[in-house]
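Q: Attaching a single structure in structure tokens format; questions to follow.
The values are calculated or read from the model by the stated rules, or taken from the named source; none is laboratory data. Keep in mind that this is a model prediction, so the values were computed, not measured. Here Cβ is always computed from backbone atoms with ideal geometry, including for glycine, and neighbour counts include all displayed protein chains. In case anyone asks, the SASA skips ligands and DNA or RNA and just uses the protein heavy atoms, side chains included. Shrake-Rupley method; radii C 1.70, N 1.55, O 1.52, S 1.80 Å.
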Amino acid sequence: MKKLLLLTTCLLLIASCKPSTGPDALAIPAVMPQDWSTFTYSYIGANPTVQLTEHVTILDTIASQFYEIRTSDTVGGFSTDTIEFLQVLANGDLKRCGCDGLALPIGSHQPYQQMNTTPVKRNGIVGDGTIMTSTSYLAEETIRAAGENFLCTKVNWQDSIYLRFGTHSLDTTFVITDTYWYSAKLGYFVKEQREQSAIGGQPSTVWSRTLLSYKLGK
């Protein structure tokens, strides 16, 4: 995802993290997807304005870890191709990257938080950049996609970004929120959506992807 390009440029200084020791008794924990499962999505983006078809393949499902390979068609030079590493944790949560990033609280329902800081520069002026990151459980929700109804766990990942230069015209604050609808039946996501807003402002959709079809591996 494009957000990861921003996060990986930051010096990760974990301020706090609230792990859970086991799945919530009422939760549907994340599970390992089947190897060579394939998923096709409709991707709709607002910046740039584009509609793509994406294909995701699940590979190397070993123990609690697997890779996703995402490819898409290209429109106006824009595509969403990426490779990501994911891990199903013992508490039923799902962690992207396999690095210092937070987990999506699918099984634990417990929030996670951390703070990343890095120096930034704008118009020759050096300032401080702070990213307050949190992940949260939202609800269990049924989503209609690919001609089926999927019971999904709805979670989100939110980055509150503060760029401070000591000059009001240069200071910037905004929020990026990624929402995920996860299906244990698929071992993967039925829907994902990104929104962005000024802090306290009305969010607007940056992109969304919705499942069109799928084939589970063996």
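Q: Can you confirm whether Ser183 is among the small types (Gly, Ala, Ser), within 24 Å of Ala46 (Cβ to Cβ) and out of contact with any Gly (no Cβ under 6 Å at 6 or more places or on another chain)?
A: So Ser183 fails the test.
Q: Continuing with the same structure: So which residues in the range 46-61 are of a type outside the set (Ser, Thr, Tyr), open to solvent by 10 Å² or more (accessible area, probe 1.4 Å), assigned to a strand (DSSP E or B) and touching a residue at least 24 places away in the same chain (Cβ under 8 Å)? Don't jump to the end; show me each part of the working.
A: The first filter runs over the range 46-61 and keeps only residues of a type outside the set (Ser, Thr, Tyr), leaving 46-48, 50-52, 54-56, 58-60.
Narrowing further to those that are open to solvent by 10 Å² or more (accessible area, probe 1.4 Å): 46-48, 50-51, 55, 59-60.
Going one step further and asking which of them are assigned to a strand (DSSP E or B), we end up with 46, 50-51, 55, 59-60.
If the condition is that a residue be of a type outside the set (Ser, Thr, Tyr), open to solvent by 10 Å² or more (accessible area, probe 1.4 Å), assigned to a strand (DSSP E or B) and touching a residue at least 24 places away in the same chain (Cβ under 8 Å), then Ala46, Val50, Gln51, Leu59, Asp60 are the ones that fit.
Q: Another question about this same structure. Looking at the range 93-114, can you tell me whether even one residue there is closer than 18 Å to Thr210 by Cα and in contact (Cβ under 8 Å) with a residue 40 or more places away in the chain? Spell out how you get there, then give the answer.
A: Of the residues in the range 93-114, the ones closer than 18 Å to Thr210 by Cα are none.
No, the range 93-114 contains no residue that is closer than 18 Å to Thr210 by Cα and in contact (Cβ under 8 Å) with a residue 40 or more places away in the chain.
Q: Output the residue which, of all residues in the range 148-177 that are hydrophobic (A, V, I, L, M, F, W, C) and surrounded by fewer than 16 Cβ atoms within 10 Å (Cβ to Cβ), is modelled with the lowest pLDDT.
A: So in the range 148-177, the residues hydrophobic (A, V, I, L, M, F, W, C) come out as 150-152, 155, 157, 161, 163, 165, 170, 174-176.
Next, from what is left, pick out any that are surrounded by fewer than 16 Cβ atoms within 10 Å (Cβ to Cβ): 151, 170, 174.
Working: Leu151: 98, Leu170: 79, Phe174: 92.
Applying the filter and picking the extreme gives Leu170.
Q: I've got another one for you. Output yes when any residue across the range 157-164 is without any contact (Cβ under 8 Å) to a residue 40 or more places away in the chain, within 30 Å of Lys215 (Cα to Cα) and under 19 Å from the mean Cα position of the chain (by Cα), and no when none is.
A: No - not one qualifying residue is present in the range 157-164.
Q: With the structure loaded, tell me whether Thr205 is assigned to a strand (DSSP E or B), open to solvent by 60 Å² or more (accessible area, probe 1.4 Å), polar (S, T, N, Q) and in contact (Cβ under 8 Å) with a residue 60 or more places away in the chain or whether it fails that test. Outline the logic, then answer.
A: Numbers: assigned to a strand (DSSP E or B): yes; open to solvent by 60 Å² or more (accessible area, probe 1.4 Å): yes; polar (S, T, N, Q): yes; in contact (Cβ under 8 Å) with a residue 60 or more places away in the chain: yes.
The answer is yes for Thr205.
Q: How do the pairs read when you match residues in the range 182-200 that are over 13 Å from Ala145 (Cα atoms) and in contact (Cβ under 8 Å) with a residue 40 or more places away in the chain with residues anywhere that are surrounded by 19 or more Cβ atoms within 10 Å (Cβ to Cβ) and among the charged types (D, E, K, R), using Cβ under 7 Å and keeping only pairs 6 or more apart or on different chains?
A: Listed by first residue and then by second, the contacts come to Arg194/Asp178.
Q: Select from the range 102-144 the residues that are of a type in the set (Ser, Thr, Tyr), farther than 24 Å from Thr167 by Cα and surrounded by 15 or more Cβ atoms within 10 Å (Cβ to Cβ) and list them in ascending order. Spell out how you get there, then give the answer.
A: Step one: of the range 102-144, the residues of a type in the set (Ser, Thr, Tyr) are 108, 112, 117-118, 130, 133-137, 142.
Among the residues that remain, those that are also farther than 24 Å from Thr167 by Cα are: 108, 112, 133-137, 142.
Scanning the range 102-144 gives Ser108, Tyr112, Thr133, Ser134, Thr135, Ser136, Tyr137.
Q: Taking Thr49 as meeting all but one of (1) modelled with pLDDT of 95 or more; (2) touching a strand residue (DSSP E or B) at 6+ places or on another chain (Cβ under 7 Å), write down the number of the exception.
A: Status for Thr49: all satisfied but (2).
Q: Let me ask something else about it. Go through the range 62-94 and give me each residue that's open to solvent by less than 40 Å² (accessible area, probe 1.4 Å), at pLDDT 95 or above and not in a strand (DSSP E or B).
A: If the condition is that a residue be open to solvent by less than 40 Å² (accessible area, probe 1.4 Å), at pLDDT 95 or above and not in a strand (DSSP E or B), then Ser79, Thr80, Asn91, Gly92, Asp93 are the ones that fit.
Q: Moving on. Could you list all residues from the range 96-110 that are farther than 21 Å from Ala139 by Cβ and of a type outside the set (Asp, Glu)?
A: Initial filter on the range 96-110 (farther than 21 Å from Ala139 by Cβ): 97-101.
Scanning the range 96-110 gives Cys97, Gly98, Cys99, Gly101.
Q: I would also like to ask the following. Within the range 95-127, how many residues are touching a Lys or Arg at 6+ places or on another chain (Cβ under 8 Å), modelled with pLDDT under 90 and either over 19 Å from Phe189 (Cβ atoms) or part of a strand (DSSP E or B) (or both)?
A: Residues of the range 95-127 that are touching a Lys or Arg at 6+ places or on another chain (Cβ under 8 Å), as a first pass: 101-104, 110-113, 127.
The next check asks that each one be modelled with pLDDT under 90; those that pass are 101, 127.
Next cut, either over 19 Å from Phe189 (Cβ atoms) or part of a strand (DSSP E or B) (or both) only: 127.
Total satisfying the criteria: 1.
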